[in-house]
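The values are calculated or read from the model by the stated rules, or taken from the named source; none is laboratory data. Predicted model only: the values in this text are computed from it and were never measured. A quick note on method: Cβ atoms are made from the backbone with ideal geometry, for glycine too, and the neighbour counts reach across all protein chains shown.
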Amino acid sequence: MAVCMSVDSSVHPHCDPSCSDGRSIRRNRQLFCLATFFYWTSLYLYVPILPVYAESVVGTMSMVGVVIASYALPQLLLRIPVGLYFDSVSRRKPLIALSLLTCVAGAVGLAVAGGGWSLALARASTGVGAAGWVAFTVFFTRYYAVGESSRAIGTINAVNQVALVVATGSGGLIAEAGGYTAAFYGAAALGICGLVVLAFVREPLADVGAIVRHQFVRVASSPLLIASAVMAILLQFANFASVFGFVPVYGARIGASSSQLGAITMLTLGGAAVAAYTSVRLADRIGYSRALIVGAGVLGLSLLLVPHTRVPAELAAVQLVSGFGRGCLATLLMVLSIRSAPPGARATAMGVYQAVYAAGMMAGPMVSGLIADTTGLSTVFVVSAGMSFGIGLLARHPLIRRA
């Protein structure tokens, strides 16, 4: 039986009329948020120490970049098919369960990997799991009325960011206490917890897009979707070159321990969590264009300051500020991407959006690894800042101003 939106199905078109009150929907929202929390903690528990661990195994910044970038390749290849499949079926929870299972398998693979390419393969497996984020986001919006999709995205993105805060903060401590493999096995255990919680979640009613495959070109060529995805490429380049790439390496070079690296990443994502929850309200007040410009400016300026920090505490303060810009940009661009499509094709639009921005996730660490080997780490942060300022310029386009 599907979950209802409210008593009045004319107000909430996704509701199951057999439900008598709103308790079921609230319960399922909460359970799904908890499953989402475990999903992201499973993916990010080891992120603060992964670049440093990879460097100790492979020895060069270029290969560290390959290991980090391998997370993005499956997302680039799979997110569009995941979105198409999601829109074409009525039972969608199995796809979410499969995403969690793949996160578990990838984390175990990282724990037992013995070299650079086995690390890259295991990290790619976690990327397969991360491709399921398309399903998570659109699944959750079905618990809300069509006009409340922005609120749904803000809520699930806030859960995402809080999970990343908890994971990165505790992951460094776990690695310091029990070694790198403890963080990897801990991530696998968290994925299993997500599967247990998911078993108690009931699916909302679904708009099955039977003709989405034939309309794919129209959905994918929406000007608003294209604009959002291009800006997201620049954002993910900056993210995976910096906070998820070479900020931990830089932090280790200025004396940060594993627990301090976790705390630095945690502060970054803490700022992002606050921004994810508040940015939609900011955009409603000042417009999406201006809100994006603010987020891009904050992120870009903070990235320029990274190579001028000399102790872990200074780096942490700069990264806290950068998190606000990152969270603002990530949430607002996601909202704009689903605005570009009708309800029955939103997973397809989200799949296109997330697949396209995966190009930035892949290019960021690979290009930055080459830059770090040739001109030094400082240049990495300057290039990343340039990507962020580019988002601010694109946000001035009339298409975004009208959104």
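State which residue is nearest to the chain's Cα centre (by Cα) when the search covers only the range 356-403 and only residues that are under 18 Å from residue 306 (Cα atoms), of a type in the set (Gly, Ala, Ser) and buried (at least 20 other Cβ atoms within 10 Å of the Cβ). Restricting to residues being under 18 Å from residue 306 (Cα atoms), of a type in the set (Gly, Ala, Ser) and buried (at least 20 other Cβ atoms within 10 Å of the Cβ), the top hit is 364. The condition (being in contact with a strand residue (DSSP E or B) (Cβ under 8 Å, 6 or more places away or on another chain), at pLDDT below 80 and among the charged types (D, E, K, R)) is satisfied by just one residue among 8, 21, 16: 16.
Looking across the range 100-119 at every residue that is surrounded by fewer than 24 Cβ atoms within 10 Å (Cβ to Cβ) and of a type in the set (A, V, I, L, M), the one that is modelled with the lowest pLDDT is identified as 113.
Condition test on residue 278, is it under 16 Å from the mean Cα position of the chain (by Cα), part of a helix (DSSP H, G or I), β-branched (Val, Ile, Thr) and under 22 Å from residue 155 (Cα atoms)? Criteria not met by residue 278. Taking the range 295-317 as the range and being over 14 Å from residue 239 (Cα atoms) and among the β-branched types (Val, Ile, Thr) as the test, the residues that pass are 309, 311.
In this structure, is residue 347 modelled with pLDDT of 85 or more, of a type outside the set (Asp, Glu) and touching a Lys or Arg at 6+ places or on another chain (Cβ under 9 Å)? No. In the range 100-130, of all residues being of a type in the set (A, V, I, L, M, F, W, C) and within 18 Å of residue 77 (Cβ to Cβ), the one that is nearest to the chain's Cα centre (by Cα) corresponds to 130. Residues in the range 74-99 that are under 27 Å from residue 55 (Cα atoms) and crowded, with 24+ Cβ neighbours inside 10 Å: 75 only.
Looking across the range 24-45 at every residue that is in contact with a strand residue (DSSP E or B) (Cβ under 7 Å, 6 or more places away or on another chain) and polar (S, T, N, Q), the one that is modelled with the lowest pLDDT is identified as 24.
Filter the range 281-293 for residues that are in a helix (DSSP H, G or I) and touching a helix residue (DSSP H, G or I) at 6+ places or on another chain (Cβ under 7 Å); which is farthest from residue 231 (Cα to Cα)? By that ranking, first place goes to 282.
Evaluate the range 282-290: report whether one residue or more is crowded, with 22+ Cβ neighbours inside 10 Å, under 30 Å from residue 95 (Cα atoms) and either under 19 Å from the mean Cα position of the chain (by Cα) or not acidic (Asp, Glu) (or both).
Pass one, the range 282-290, residues crowded, with 22+ Cβ neighbours inside 10 Å: 283, 288.
Cutting the leftovers down to under 30 Å from residue 95 (Cα atoms) gives us none.
Within the range 282-290 (the criterion being crowded, with 22+ Cβ neighbours inside 10 Å, under 30 Å from residue 95 (Cα atoms) and either under 19 Å from the mean Cα position of the chain (by Cα) or not acidic (Asp, Glu) (or both)), the answer is no, since none of the residues qualifies.
Mind counting the residues in the range 161-178 that are among the aliphatic types (A, V, I, L, M) and without any contact (Cβ under 8 Å) to a residue 40 or more places away in the chain? Before you say what the answer is, go through the steps one by one.
Step one: filter the range 161-178 for residues among the aliphatic types (A, V, I, L, M), giving 162-167, 173-175, 177.
Among the residues that remain, those that are also without any contact (Cβ under 8 Å) to a residue 40 or more places away in the chain are: 177.
Number satisfying all stated conditions: 1.
Residue count for the range 239-262, restricted to those that are out of contact with any Pro (no Cβ under 7 Å at 6 or more places or on another chain), farther than 15 Å from residue 318 by Cα and aliphatic (A, V, I, L, M): 1.
Using the structure shown, decide if residue 227 is more than 30 Å from residue 88 (Cβ to Cβ), at pLDDT 80 or above and either part of a loop (DSSP other than H, G, I, E, B) or of a type in the set (A, V, I, L, M, F, W, C) (or both). Lay out the reasoning, then the answer.
On the way: more than 30 Å from residue 88 (Cβ to Cβ): no; at pLDDT 80 or above: yes; either part of a loop (DSSP other than H, G, I, E, B) or of a type in the set (A, V, I, L, M, F, W, C) (or both): yes.
Against the criterion (more than 30 Å from residue 88 (Cβ to Cβ), at pLDDT 80 or above and either part of a loop (DSSP other than H, G, I, E, B) or of a type in the set (A, V, I, L, M, F, W, C) (or both)), residue 227 does not qualify.
When you look at residue 348, is it polar (S, T, N, Q), crowded, with 24+ Cβ neighbours inside 10 Å and more than 24 Å from residue 284 (Cβ to Cβ), yes or no? Spell out the reasoning first.
Details: polar (S, T, N, Q): yes; crowded, with 24+ Cβ neighbours inside 10 Å: yes; more than 24 Å from residue 284 (Cβ to Cβ): yes.
Yes: the conditions hold for residue 348.
Exactly one residue among 91, 123 is modelled with pLDDT of 85 or more and of a type outside the set (Val, Ile, Thr), and that residue is 123.
Looking at the range 146-157, is at least one residue of a type in the set (A, V, I, L, M, F, W, C), surrounded by fewer than 23 Cβ atoms within 10 Å (Cβ to Cβ), assigned to a helix (DSSP H, G or I) and at pLDDT 90 or above? Can you show your working first?
Step one: of the range 146-157, the residues of a type in the set (A, V, I, L, M, F, W, C) are 146, 152-153, 156.
Subset that is surrounded by fewer than 23 Cβ atoms within 10 Å (Cβ to Cβ): 146, 152.
Then drop every residue that is not assigned to a helix (DSSP H, G or I), which leaves 146, 152.
From what's left, at pLDDT 90 or above: none.
No, that holds for no residue.
For the range 36-56, the set of residues classified as hydroxyl-bearing (Ser, Thr, Tyr) and assigned to a loop (DSSP other than H, G, I, E, B) consists of 46 only.
Scanning the range 131-153 finds no residues that are of a type in the set (Asp, Glu) and farther than 29 Å from residue 280 by Cβ.
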